[in-house]
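First up is the structure itself, then whatever we jot down about it.
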Amino acid sequence: MEVINKRRSVRQFSDKKVESEKILSIIKSGMQAPSAKNQQPWEFAVVEDRKNIEKLSLSTPYTKFSINAATIVVVYMRKKGLKAEDFVQQDMGACIENMLLESTNQGLGSTWMGIYPNKERYKYIKELFNLSEDLIPFSLIAFGYPKDDNSNRFVDRFDETRIHYIEKEG
């Protein structure tokens, strides 16, 4: 529960490189997510090259901060072999949330940047990396060591007024 309470979007990173073992652990955590009919529609590209990070930071008006990330992981949605296409976005969301939580667990900061379903955004990335028709960029996740040591901290968001109890019939 602690990692869930501490995770925050971090947009300012130190210059420290993220160890490849940590990125691999984060991706493994993503792959542990549940998916409809076990379709596991995810694939990943790890980007550590400064020039490609710079290009990815231009993907949307909201991704500019990611130019300072040590690593960006492009999370792709694979269209081929889907067994439950209507649920693929839920699958991808579960995968990404696992990755964000493991990032916090590893002492890193991270931010999820939405790409799909905006065609202009995912077309830019498809062209940038010359992707096959089968792979659709779903999101970018920026990773790095937070510049501020207090970035991943507990903020109480509990709101009891959002809980509704349905009374039992009869």
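Throughout, read-outs are computed from the coordinates displayed, never taken from laboratory work. Since we're looking at a predicted model, the values are computed, not measured. Heads up, the Cβs are rebuilt from the backbone with ideal geometry, glycines too, and the neighbour counts pull from every protein chain shown.
Observations, loosely collected:
- Net charge, E54 excluded, C-beta distance under 13 Å - Lys, Arg +1, Asp, Glu -1: +2
- Each residue of segment 130-147 was assigned a 3J(HN,Hα) from its phi angle through the Karplus expression (A = 6.51, B = -1.76, C = 1.60, θ = phi - 60°), giving 6, 7, 5, 4, 6, 9, 10, x, 9, 7, 10, 10, 8, 10, x, 7, x, 5 Hz with x at Gly and Pro.
- Fully extended contour minus Cα-Cα distance, from N150 to L24, at 0.36 nm per residue: 42.9 nm
- Restriction of the chymotrypsin sites (Phe, Trp or Tyr not before Pro) in segment 46-127 to DSSP coil positions whose beta-carbon has at most 13 other beta-carbons within 10 angstrom yields Y62.
- Surrounding net charge for S29, when Lys and Arg each add one and Asp and Glu each subtract one, Cβ distance under 10 Å: -1
- Label corresponding to mean projected area of the Cα convex hull in nm² when calculated from the structure given, among [x] 9.3; [y] 15.8; [z] 12.4: [z]
- Length released on extending from Q89 to D159, taking residue separation times 0.36 nm less the Cα-Cα span: 22.6 nm
- Under 5 Å, built H, 5+ apart or other chain: amide partners of T111: V10, A142
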